[in-house]
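What follows is a single structure, written as structure tokens, with notes after it.
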Amino acid sequence: MGGNRRRRLCQVCKSKGIRREAVVYMKEHRLALCKEHFTQWFEKRVSETVKEFQMFKKSEKILVAVSGGKDSQTLWYVLNKLGYNADGFFIHLGIGDYSDESMEKVKELGKKLGKEPFIVGLEEEVGAGIPLLQKLVGSTACSICGRLKRHHFNKVARRFGYKVVATGHNLDDESSSLLANLVNWNTKYLAKKYPVLPEENGFPRKVKPLVKLTEEQIKFYADLNGIPYTSRTCPMGDTANLHFYKEIMNTIENHSVGTKYRFYFFYLKKVFPLFNALKEELTEGTLRECKVCGEPSPSEVCFVCKLKMKLGNNSENAKS
Ligand code: AMP
Ligand code: FES
Ligand code: ZN
Ligand code: ZN
């Protein structure tokens, strides 16, 4: 993909006998499109992904986990544009200006869509934001943050009757994390790496409708359509590893166009079923209800309740 250094015409317009300059050329699809036809192409690709993986139907309520960044904001916008009943849900992580600015972008998009997002704050829900929790637990901010996010996605979905939670993961995220997990033979993760994970053990269905779109395409769509988003990255996150694998994937893609897509989708088709058949052995095993909050957990008391206990404010959060 890229700008339009060499002047190209939109191929869809051209097929209708109209000469209109393209705003984008996607190398991997050998496709030059104008604004209108890129927007249509993008939305069709999301719609096809939803249908191909049977992610959800028009009759279902979808909870979109929105971070304020370009991917999830675009997802919330595009699902509504396609006529799905999609509501936004934001977790304020208590990471100073970064969380405040992200929340503002979520609210701004909510106004544009005429939808009030659900917002929960870790400081209120757990008793502290990520910076303090990281000090308390001593592991990386990202690992605590990931577990807290998953817990709250499930909790809010259950509380408000959503059977589906959608996240903004894109092709770059999925292909690079597949590579990282293969390199490290992280079989536990590989057994769950699919764009739709079914509803089970009290967990809502998890879906990733943007898996066929690259970061660049999403950013382009967001900018063309005036979708508000923050470009800031989390100051706490240790993203070096993630970037490392994304760069490797980009290097391979530049060497051989279309590899990202082939690598990931070939895996889904040919290899994932093998890992998935061993899911029981490879993953955490059966989940049960946390005896304090009732959320699914591999242990008697879930990670979040243990954190609250450590912070000494667990009493008001008995099973809701
Ligand atoms: P990340 O792990 O930060 O790349 O985020 C992956 C996905 O999780 C995003 O595309 C969002 O759908 C969701 N997400 C990340 N951060 C938040 C947040 N603070 N609140 C709600 N959803 C989030
Ligand atoms: Fe989770 Fe930064 S967003 S640690
Ligand atoms: Zn056109
Ligand atoms: Zn719990």
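The values are calculated or read from the model by the stated rules, or taken from the named source; none is laboratory data. Given the structure is predicted, the values throughout are model-derived calculations rather than measurements. Note that we place each Cβ from the backbone using ideal geometry, even for glycine, and neighbour counts take in every protein chain shown. The protein model used for the area step is the full one, side chains on, heavy atoms only, and it has no ligands, DNA or RNA in it. Shrake-Rupley method; radii C 1.70, N 1.55, O 1.52, S 1.80 Å.
Is there any pair with a first residue in region 227-248 that is within 19 Å of Lys70 (Cβ to Cβ) and a second that is within 16 Å of ligand 3 (Cβ to nearest atom) whose Cβ atoms are under 8 Å apart and which are 6 or more apart or on different chains, and what are they?
Listed by first residue and then by second, the contacts come to Ile227/Tyr221.
Here is a list of conditions, (1) within 16 Å of the chain's Cα centre (by Cα); (2) among the aromatic types (Phe, Trp, Tyr); (3) surrounded by fewer than 16 Cβ atoms within 10 Å (Cβ to Cβ), and Tyr77 meets all of them except one; can you say which number that is?
(3)
Could we say that Lys291 is among the basic types (Lys, Arg) and either in contact (Cβ under 8 Å) with a residue 24 or more places away in the chain or closer than 18 Å to Thr187 by Cβ (or both) here?
no
Yes/no per residue for (1) part of a loop (DSSP other than H, G, I, E, B); (2) open to solvent by less than 40 Å² (accessible area, probe 1.4 Å); (3) more than 21 Å from Tyr264 (Cα to Cα); (4) basic (Lys, Arg):
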| site | (1), (2), (3), (4) |
| --- | --- |
| Val12 | no, no, yes, no |
| Glu36 | no, no, yes, no |
| Glu48 | no, no, no, no |
| Asp71 | no, yes, no, no |
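Taking region 136-163 as the region of interest, how many residues are free of Cβ contacts under 8 Å to residues at least 60 places away in the same chain and surrounded by fewer than 17 Cβ atoms within 10 Å (Cβ to Cβ)?
Residues in region 136-163 being free of Cβ contacts under 8 Å to residues at least 60 places away in the same chain and surrounded by fewer than 17 Cβ atoms within 10 Å (Cβ to Cβ): 4 in total.
Restricting region 231-282 to residues that are surrounded by 16 or more Cβ atoms within 10 Å (Cβ to Cβ) and hydroxyl-bearing (Ser, Thr, Tyr), which is nearest to ligand 1 (Cβ to nearest atom)?
Tyr245
When you go through (1) surrounded by fewer than 21 Cβ atoms within 10 Å (Cβ to Cβ); (2) more than 19 Å from the chain's Cα centre (by Cα); (3) within 16 Å of ligand 4 (Cβ to nearest atom) one by one for Leu133, which number turns out not to apply?
For Leu133, the failing item is (1).
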